């Protein structure tokens, strides 16, 4: 009978994370089947997102109980277990709420901005070579998941994406996914501190907004500002969504997306159930 090799773990990055963050475990003999690999931290099962023989991507679940201490990460396969020497610290702070429904929410890619940026730069471009958005081919320095854009006006210290990174100001996020819309025209309200933009349409190419319809432009360095726009969904269905956001000076943060569908009497936050990961 075939006997596989036990896993080896070389390290984990980052060593500080928030709930919903991805962690990357480098090593060997992990295989390629996420269903045959488990990852635990402090006795808590992490969500295995993908597996290559030399790297596992796992997500810190939203129900993780944190105690302020660092703990080892353990990888278990059919052929054995191995643990990191590095300790992983997990904090409660986070940008928005973690997805609670499988396959729902929005995927966000985070980029570094130059200090004193006054508006959202173009996040388009093919390939990537640099995490800064003054590069022609920017790479995200972090990837996050949120249930929905529901971050009310709050102090910057209450949570930013990518705990353990140096970015607590001057960053941009491109959120992508799909949204379920009813027949007819839906009105949207986008509020943010600092700038934000919304596109809806199909098909989606996450490196460009050319195939989508601009719905709201709420750009600029600003205290919480809200702007409205509408999208005609025809017979209704599932549409691609791009939501860009940038944070300038740290002071305050906010990002909320509300809708008023045909027949609704008031605006309400777009729920997680209507949003799907790309």
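With the requirement that a residue be more than 15 Å from residue 10 (Cβ to Cβ), loosely packed, with under 14 Cβ neighbours inside 10 Å and touching a strand residue (DSSP E or B) at 6+ places or on another chain (Cβ under 6 Å), what does region 50-65 give you? Result: 50, single match. Does region 201-212 contain any residue that is buried (at least 16 other Cβ atoms within 10 Å of the Cβ), modelled with pLDDT of 95 or more, in contact with a strand residue (DSSP E or B) (Cβ under 6 Å, 6 or more places away or on another chain) and closer than 30 Å to residue 168 by Cα? Checked region 201-212: no residue is buried (at least 16 other Cβ atoms within 10 Å of the Cβ), modelled with pLDDT of 95 or more, in contact with a strand residue (DSSP E or B) (Cβ under 6 Å, 6 or more places away or on another chain) and closer than 30 Å to residue 168 by Cα.
Evaluate the following for residue 228: is it modelled with pLDDT under 95 and assigned to a strand (DSSP E or B)? When the stated conditions are applied, residue 228 does not pass them. Among the residues of region 114-138, which ones are touching a strand residue (DSSP E or B) at 6+ places or on another chain (Cβ under 9 Å), over 17 Å from residue 218 (Cβ atoms) and modelled with pLDDT of 80 or more? 114, the sole residue that qualifies. Count of region 231-261 residues, restricted to those that are part of a loop (DSSP other than H, G, I, E, B), exposed (fewer than 14 other Cβ atoms within 10 Å of the Cβ) and in contact with a strand residue (DSSP E or B) (Cβ under 7 Å, 6 or more places away or on another chain), is 0. Every condition in (1) surrounded by fewer than 17 Cβ atoms within 10 Å (Cβ to Cβ); (2) touching a strand residue (DSSP E or B) at 6+ places or on another chain (Cβ under 8 Å); (3) within 17 Å of residue 111 (Cβ to Cβ) holds for residue 172 except the one numbered (1).
Picking from residues in region 102-113 that are surrounded by 13 or more Cβ atoms within 10 Å (Cβ to Cβ) and part of a loop (DSSP other than H, G, I, E, B), the one that is modelled with the lowest pLDDT is 113.
When the residues of region 149-167 are filtered to those that are surrounded by fewer than 14 Cβ atoms within 10 Å (Cβ to Cβ) and farther than 22 Å from residue 226 by Cβ, the one that is modelled with the highest pLDDT is 157.
Checking each residue in region 50-83 for being under 16 Å from residue 21 (Cβ atoms), at pLDDT 85 or above and in a loop (DSSP other than H, G, I, E, B) picks out 60, 70.
In region 1-49, counting only strands (runs of 3 or more DSSP E) that sit wholly within it, the ones holding 2 or more residues that are surrounded by fewer than 16 Cβ atoms within 10 Å (Cβ to Cβ), in contact (Cβ under 8 Å) with a residue 60 or more places away in the chain and touching a strand residue (DSSP E or B) at 6+ places or on another chain (Cβ under 9 Å) span 8-13. Taking residue 170 as the residue in question, decide whether it is more than 29 Å from residue 89 (Cα to Cα) and at pLDDT 75 or above. No; evaluated as a whole, the condition is false for this residue.
The values are calculated or read from the model by the stated rules, or taken from the named source; none is laboratory data. Here the structure is a predicted model, which means the values were calculated and not measured. We place every Cβ from the backbone using ideal geometry, glycine too, and count neighbours over all the protein chains shown.
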